[in-house]
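Trainee: Can you keep this structure in mind? I'll have questions shortly.
The values are calculated or read from the model by the stated rules, or taken from the named source; none is laboratory data. None of the values given here were measured: they were computed from a predicted structure. For neighbour counting, all protein chains shown are included, and Cβ atoms are generated from backbone atoms with ideal geometry for every residue, glycine included.
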Amino acid sequence: MTSGTTGTPKFYQRDWLSWQLGFKQCEKAFEMTDYAGVMTTSPMATSLGLHSLLLSLYLGKTFYCYTRQQQQQLTSATLVYTVPTFMTAKYRGWADDAQVKGVVSCGGELTPSLVRDWHRLYPQQALYELYGASETSLIAFQNLMHGKKVNQVGRLFADVELTFTNQHITVASPYLFSGYLGSTQKITFVETDDVGDYQDEQLFVYGRASDVINHGGNKIYPSQLETILQTITTAAVVFGVPDSTYGEKIVAMVVTNKPLDKLQMVMAEQTPAYKRPSQYIFVSEIPKTKQQKISRTQLALRYVAGEWT
């Protein structure tokens, strides 16, 4: 079942060939012959949790599964499938285990600053990024041994074909889901909500189309502004809210002890005036959904409802 972060939750179906081909791709891309165990920080009810479990069974790996109250006890070299939320959480005990030899991050783009911090904290771990979605499964991947570029999500998995319509990404591949439960429609491609482009055999994703801010006729990609802010804050998220003059105004929510004028100065040095946030909201923690994801849409709705002034 999809999480419903960007819409109504749906049950989707996947046939065995799609799973099998995808598992073989993961084994190769993430060098899984080097690991005897697989673990995930995601619940089994999520697509990532289910994928990690079936992947380990297919490849003959030991799958480590714990309740929230259990102490983690890994006995072999383990690859962990996780999401950025769990990599930025205050408690990262799962990553401190000496048997965690590699991490695959998916379900949200890693920032260059988070990649640098992770290498500093866990220099012994291999770090990979997987870009995909519940319906598309695998799209692109990259080894982040040497860091990453802003918005870059890597090279395509084998046999993935992309088309772009006004930068909207449409995917065709052997790894697609076979359809939603109750629907007889045959799936041959999936039009994602992401916008990006393909350069020098590398895929770049700028964000979800639904998150793009229309500020005075200019398209503003929140992730580009967040990348700048995250170099000087603990956390930052940018979203648009209705504005009578500009259509939408740019709001930045930040976790930091730095003063407002410092943030404004850095943004003025690195962005043109029309891209700069017109309002900063200082919080102790960025609010997340029940699925522990950051939803710019939900933040905007809460702003409009008067939760932040």
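Trainee: Being aromatic (F, W, Y) and without any contact (Cβ under 8 Å) to a residue 60 or more places away in the chain is true for just one of Y64, Y35. Which residue is that?
Mentor: Selected residue: Y64, the only one of Y64, Y35 that is aromatic (F, W, Y) and without any contact (Cβ under 8 Å) to a residue 60 or more places away in the chain.
Trainee: Of all the residues that make up region 64-94, how many are part of a loop (DSSP other than H, G, I, E, B), of a type in the set (A, V, I, L, M, F, W, C) and modelled with pLDDT of 85 or more? Talk me through it step by step, then tell me what you get.
Mentor: Within region 64-94, the subset part of a loop (DSSP other than H, G, I, E, B) is 65-77, 83, 89-92.
Then keep just the ones that are of a type in the set (A, V, I, L, M, F, W, C); that gives 65, 74, 77, 83, 89.
Now drop any that are not modelled with pLDDT of 85 or more, which leaves 65, 74, 77, 83.
Looking only at that region, the number is 4.
Trainee: Among the residues of region 23-56 satisfying the criterion of being exposed (fewer than 12 other Cβ atoms within 10 Å of the Cβ) and either hydrophobic (A, V, I, L, M, F, W, C) or under 18 Å from the mean Cα position of the chain (by Cα) (or both), which is modelled with the lowest pLDDT?
Mentor: A45
Trainee: Write out, first by first residue and then by second, each pair whose Cβ atoms fall under 6 Å of each other, whose residues are 6+ apart or on separate chains, and whose first residue, in region 168-188, is in the same structural domain as F23 (by TED's automatic domain parsing) while the second is acidic (D, E) and outside any loop (DSSP other than H, G, I, E, B).
Mentor: As it stands, the answer is I169/D194; T170/E191; A172/E161, since those pairs meet every condition given.
Trainee: Can you pull out every residue in region 146-159 that is within 19 Å of the chain's Cα centre (by Cα), at pLDDT 95 or above and part of a loop (DSSP other than H, G, I, E, B)?
Mentor: Of everything in region 146-159, just one residue is within 19 Å of the chain's Cα centre (by Cα), at pLDDT 95 or above and part of a loop (DSSP other than H, G, I, E, B), namely F157.
Conditions tested, residue by residue: (1) touching a residue at least 24 places away in the same chain (Cβ under 8 Å); (2) under 15 Å from S295 (Cα atoms); (3) touching a Phe, Trp or Tyr at 6+ places or on another chain (Cβ under 9 Å).
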| residue | (1), (2), (3) |
| --- | --- |
| S223 | yes, yes, yes |
| T231 | yes, no, no |
| A235 | yes, yes, no |
| F239 | yes, yes, yes |
| P242 | yes, no, no |
| M265 | no, no, no |
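Trainee: Continuing with the same structure: Have a look at S173, S178 and point out the one that is surrounded by 21 or more Cβ atoms within 10 Å (Cβ to Cβ) and among the polar types (S, T, N, Q).
Mentor: Going through S173, S178 in turn, the sole match is S173.
Trainee: Check off (1) modelled with pLDDT under 95; (2) of a type outside the set (G, A, S); (3) in a strand (DSSP E or B) for L127 and give me the number that stays unchecked.
Mentor: So the condition that L127 fails would be (1).
Trainee: Which fully enclosed helices (runs of 4 or more DSSP H) of region 222-309 have 3 or more residues being over 24 Å from D117 (Cβ atoms)? Write out each step before concluding.
Mentor: On the way: elements: 222-229, 260-270, 296-304.
Passing ranges, in order: 260-270, 296-304.
Trainee: Go over the candidates T188, T192, T184, T170 one by one and state the one that is over 25 Å from Q270 (Cβ atoms), among the β-branched types (V, I, T) and either part of a helix (DSSP H, G or I) or modelled with pLDDT under 90 (or both).
Mentor: None of the others qualify; the one that does is T184.
Trainee: So is T271 out of contact with any strand residue (DSSP E or B) (no Cβ under 9 Å at 6 or more places or on another chain), hydroxyl-bearing (S, T, Y) and either within 18 Å of G207 (Cβ to Cβ) or crowded, with 17+ Cβ neighbours inside 10 Å (or both) or not? Give the steps one after another, and end with the answer.
Mentor: On the way: out of contact with any strand residue (DSSP E or B) (no Cβ under 9 Å at 6 or more places or on another chain): yes; hydroxyl-bearing (S, T, Y): yes; either within 18 Å of G207 (Cβ to Cβ) or crowded, with 17+ Cβ neighbours inside 10 Å (or both): yes.
Yes, satisfied.
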